[in-house]
Each structure stands twice: as structure tokens, then as C-alpha cells.
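Data block below; observations after.
No value in this document is a laboratory result; all are computed from the given coordinates. On a predicted model such as this, the values are computed, not experimentally measured, just so you know. Cβ coordinates were reconstructed from backbone atoms using ideal geometry, including for glycine residues, and neighbour counts include every protein chain displayed.
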Amino acid sequence: MRINDPNLLKGLAELGVELRPAAKLSELTSLGIGGTTDLLRITKHESIPGLLQLLGENHVPHKFLGGGSNLLVNDGELPWVILQLAPPEPGVVLEGNLAHVDAAADLGRTVTFCAKHDLGGMEGLIGVPGTVGGALRMNAGAYGMQIGSYVREVKLCRAATRKIDTLRGHQISFEYRHTSFAADDMMLAVILELPSKPYNEILKGIRICNEKRRSSQPLGQKSAGCIFKNPLGASAGRMIDELGLKGLSVGDARVSDRHANFFVNTGRASAKDMLALIADVRERVHKAYGVALENEVVVWNA
Ligand SMILES: Cc1cc2nc3c(=O)[nH]c(=O)nc-3n(C[C@H](O)[C@H](O)[C@H](O)COP(=O)(O)OP(=O)(O)OC[C@H]3O[C@@H](n4cnc5c(N)ncnc54)[C@H](O)[C@@H]3O)c2cc1C
């Protein structure tokens with residue numbers, strides 16, 4: 001979608017929102033798949049309510065991009081624009097055991113920064129790519145921990161009211177890769193409350209998690225992490241592996257040989273290829289186990 005209406009362009013400029021025309025989602029997502037659309041970069045949180053109003057009045061649909069590490073985006077010209085927060089400086093400010101973090105901050109760098117100041121708990125998130133905002137939306141987690149456990153407060157722009165609001169941790173439900181935020185709520189910042197832990201101890205935990213990832217995941221290849229959520233009490237990867245589906249391909253979309261729940265783009269896979277592979281694997285698992293696998297990857301194919 002292209003923004004070229006002069007009044008809309010003027011409105012964006014007045015709000016201080018930067019227009020990046022014809023952004024390629026294949027270059028902005030870890031899967032390396034996705035078509036083209038205009039991208040709007042937001043530098044000031046305060047401009048968001050006005051921006052949403054402007055887009056609404058001009059009938060411009062939008063989607064919200066974090067680091068693009070959990071997304072499968074359709075091919076071709078996309079029928080909506082992308083909103084993205086510009087990374088802040090500094091991304092994290094500490095106050096005792098509280099970390100005030102901007103949603104656009106890089107998750108891995110946030111974990112490391114906090115660790116260097118003797119604040120732990122998030123060791124499992126060290127290899128999870130993307131932003132803190134994306135991690136909040138997905139309730140990212142690994143190796144028995146999830147970011148939601150440390151959330152004290154979230155600043156967000158509510159989709160329903162287009163107003164900036166603050167939610168306390170107990171007002172938010174964080175479940176396995178699911179949160180109670182409304183679909184279009186935008187995470188802007190978070191206060192995490194982290195346990196004190198000596199840096200050396202945190203570093204040991206980080207090294208263990210890094211080693212586990214290195215030994216089991218196709219880290220050098222383009223992926224979006226796990227494609228499917230694990231069903232209650234079962235492992236999606238194990239079921240796919242047991243069916244001998246590692247290496248199964250549609251075009252350049254392939255079930256990883258290393259981790260059966262990671263689907264990789266080995267070259268020029270299209271969204272169509274990846275969606276066909278996902279549908280095929282889902283159907284085979286359903287036939288064999290009677291389990292309907294649910295996507296963990298967020299699919300933008302409308
Ligand atoms: C190699 C690899 C390993 C991975 N390992 C793990 C793992 O161990 N555990 C795990 O949980 N995940 C894992 N992932 C998946 C992914 O990294 C996480 O889900 C991550 O938290 C997504 O963050 P992001 O900023 O990239 O979000 P994006 O992919 O950009 O977006 C994901 C969703 O969040 C929404 N979103 C993003 N930012 C915001 C915001 N500020 N406000 C509102 N909505 C927002 C988007 O609209 C979209 O719906 C892995 C991915 C890869 C590639």
C-alpha cells in the first residue's frame with residue numbers, strides 16, 4: 001500500500017512520523033519472506049493517538065511490526081501499512097530492581113544490560129530475537145521461564161480508545177505464548193521487576209541456554225523460531241519428528257533437519273510455499289495423533 005495523498009503526507013510530517021516508502025518485509029523479518037508496503041517509523045509515543053486517528057480517517061489499515069522474528073508475511077503488494085517504533089536511546093533505565101524498558105528495545109541487549117547490573121531471571125530469553133514489545137505481546141519464554149512473570153507495569157496505546165494507558169501486571173493475563181492485550185493494542189514501554197543475582201551466576205545460566213539453543217536449533221538459517229505451539233503435555237516438534245517429516249519441503253520452505261518445529265527458508269521461499277508446508281504438516285499430525293496444532297508464528301496473509 002502506498003501513501004501518496006498530500007494531506008495525509010502533511011499530517012504524518014506534522015506528527016513527526018517518518019515515511020519509508022516501499023519497505024520490503026522480506027528484509028525486515030527473520031524468515032526472509034514478505035511483500036512490500038510503506039512503513040511508518042514512530043519516534044514519539046505521544047504521536048501515536050494522533051497517528052491512529054489520521055490513519056482511521058483516511059481508511060489506511062495498519063499492522064504493528066516489532067523485530068519481525070515471529071512473523072510470516074504474505075507475498076506481493078501488501079494491503080496495509082506497517083507501523084514501527086524507532087529504537088530509543090537509552091532503551092533501559094534501572095531503578096533498584098526495576099528496569100524501565102522501551103518496547104522497541106532489543107530483547108537480548110536488554111537481558112544482557114540487566115545482567116551486567118546484577119539483575120537476573122531472564123536468562124532463558126537471551127537467544128530470543130526481536131524487541132521487548134514483541135516479547136510482551138507473545139509472552140516470549142524458554143527453558144521454563146516467560147517474560148510475563150517479571151512484568152510490573154505496561155504502558156500501551158489501547159486500540160479501542162486510541163489513548164495511552166498503563167496496566168499493572170496483575171491486570172494482564174500472561175499465558176503460554178498468549179496475552180490478554182487486545183489484538184491492536186500497542187505496547188510502548190514496560191517496567192520489569194527482576195531478582196538480584198550476581199552477574200557471574202547469570203552469565204552461567206546464559207551460557208547454558210546458549211549452548212542448548214546451539215545444539216538443537218538451526219541458528220544460521222532463516223526461521224521464525226517454532227512454527228507451532230506445543231499442545232498441552234506434548235511437543236509439536238517431537239510429533240513432527242516421529243512422523244519422519246524433517247526435511248519435508250515445499251519449494252524453498254523446509255522442515256529443519258535440526259529441529260522439527262523450526263521451518264526454514266533455504267533460499268527464496270514464498271509465503272505461499274511456507275503456508276502450504278505448514279498446512280501439510282498440520283494435516284499429517286492431525287491424521288496421526290488427532291491433535292490440531294495451533295500456530296505460534298503470527299501469519300499476516302490478509
Ligand atoms: C531463531 C529464533 C528463536 C526463537 N526462540 C524463541 C523462544 O525460545 N521463545 C519464544 O517465545 N519465541 C522465540 N522466537 C520467536 C520470536 O523471537 C519471539 O516471539 C519474539 O518475542 C517476537 O518479537 P518481535 O519483536 O520480533 O515481534 P514481531 O515478530 O515483530 O511481531 C510478533 C507479534 O507481536 C506484535 N508486536 C510486536 N511488537 C509489538 C508492540 N510493541 N506492541 C504490540 N504488538 C507488537 C506484532 O504485531 C505481531 O503480532 C524465536 C525466533 C527465532 C527466529
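Output ³J(HN,Hα) for region 292-300: one whole-Hz value per residue in order, computed from phi by the Karplus curve 6.51 cos²θ - 1.76 cosθ + 1.60 with θ = phi - 60°, and x for Gly and Pro.
8, 6, 9, 5, 8, 5, 8, 9, 10
Treating region 1-82 as a set of equal point scatterers at the Cα positions, no solvent, please give the Debye-formula log₁₀ I(q)/I(0) at q = 0.13, 0.14, 0.18 Å⁻¹.
-0.39, -0.45, -0.74
Express in whole angstrom the spacing between the alpha-carbon centres of region 213-273 and region 157-200.
With region 213-273 and region 157-200 each reduced to a Cα centre, they are spaced 29 Å.
Kirkwood hydrodynamic radius, computed over distinct alpha-carbon pairs, for region 174-297: how many Å, to one decimal?
With all distinct Cα pairs of region 174-297 included, I get 16.6 Å.
Hey, in the GNM for the chain with a 10 angstrom Cα cutoff, which one of MET138, MET187, MET239 fluctuates hardest?
MET239
Can you list the residues, at least 5 places off or on another chain, whose amide H is less than 5 Å from the amide H of ALA140, using H built in the peptide plane?
ILE147
Please rank PHE228, PHE64, fewest neighbouring Cβ atoms within 10 Å first, as an exposure proxy.
Lowest count first: PHE64, PHE228.
Using modelled backbone amide H atoms (1.01 Å from N, in-plane), which distant-in-sequence or interchain residues come within less than 5 Å of LEU188's amide H?
The answer is LYS155, LEU156, CYS157.
Kirkwood hydrodynamic radius, region 1-148, all distinct C-alpha pairs: what's the number in Å?
With all distinct Cα pairs of region 1-148 included, I get 16.6 Å.
Under 5 Å between amide hydrogens, which residues at least 5 positions from SER256 or on another chain qualify, with H placed 1.01 Å from N in the peptide plane?
Amide H neighbours of SER256: GLY247, PHE262, PHE263, VAL264.
Among the trypsin sites (Lys or Arg not before Pro) within region 184-249, which fall in a DSSP loop and have no more than 16 other Cβ atoms within 10 Å of their own Cβ?
Those satisfying the criteria are LYS229, LYS246.
Please turn the phi angles of region 50-61 into ³J(HN,Hα) values with the Karplus equation 6.51 cos²θ - 1.76 cosθ + 1.60 (θ = phi - 60°), one per residue in order, whole Hz, x for glycine and proline.
x, 5, 5, 5, 4, 5, x, 4, 9, 6, 9, x
Within region 179-302, how many Lys pairs sit with Cα atoms under 25 Å apart, leaving out pairs fewer than 8 places apart on the same chain?
Number of lysine pairs found: 13.
Starting with the fewest neighbours, write out VAL93, VAL297, VAL190 ranked by other beta-carbon atoms found within 10 Å of each beta-carbon.
Starting with the residue having the fewest Cβ neighbours, the order is VAL93, VAL297, VAL190.
How much of the calculated P(r) for region 130-217 lies past 20 Å, in percent of all Cα pairs?
Within region 130-217, distances greater than 20 Å cover 42 percent of Cα pairs.
Counting other beta carbons within 10 Å of each residue's own, what order do LEU277, LEU136 fall into, fewest first?
Fewest-to-most ranking of LEU277, LEU136: LEU277, LEU136.
Could you work out which residue, out of ASP38, ASP106, ASP280, moves most in a Gaussian network model of the chain, that is, has the largest mean-square fluctuation with Cα springs under 10 Å?
Comparing ASP38, ASP106, ASP280 in a Gaussian network model of the chain, the most mobile one is ASP280.
I'd like the projected area of the chain, averaged over all directions, using the convex hull of its alpha carbons. Report it in nm² with one decimal.
Hull-based average projected area comes out at 15.7 nm².
Rounded to whole Hz and in sequence order, give me ³J(HN,Hα) for region 274-286 from the Karplus expression 6.51 cos²θ - 1.76 cosθ + 1.60, θ = phi - 60°, writing x for Gly and Pro.
Couplings: 5, 5, 5, 5, 4, 5, 5, 5, 4, 5, 5, 5, 4 Hz.
Quick one: if the Förster radius is 35 Å, what FRET efficiency do VAL298 and GLU201 give, using the C-beta to C-beta distance and rounding to 0.05?
The pair VAL298/GLU201 has a calculated efficiency of 0.55.
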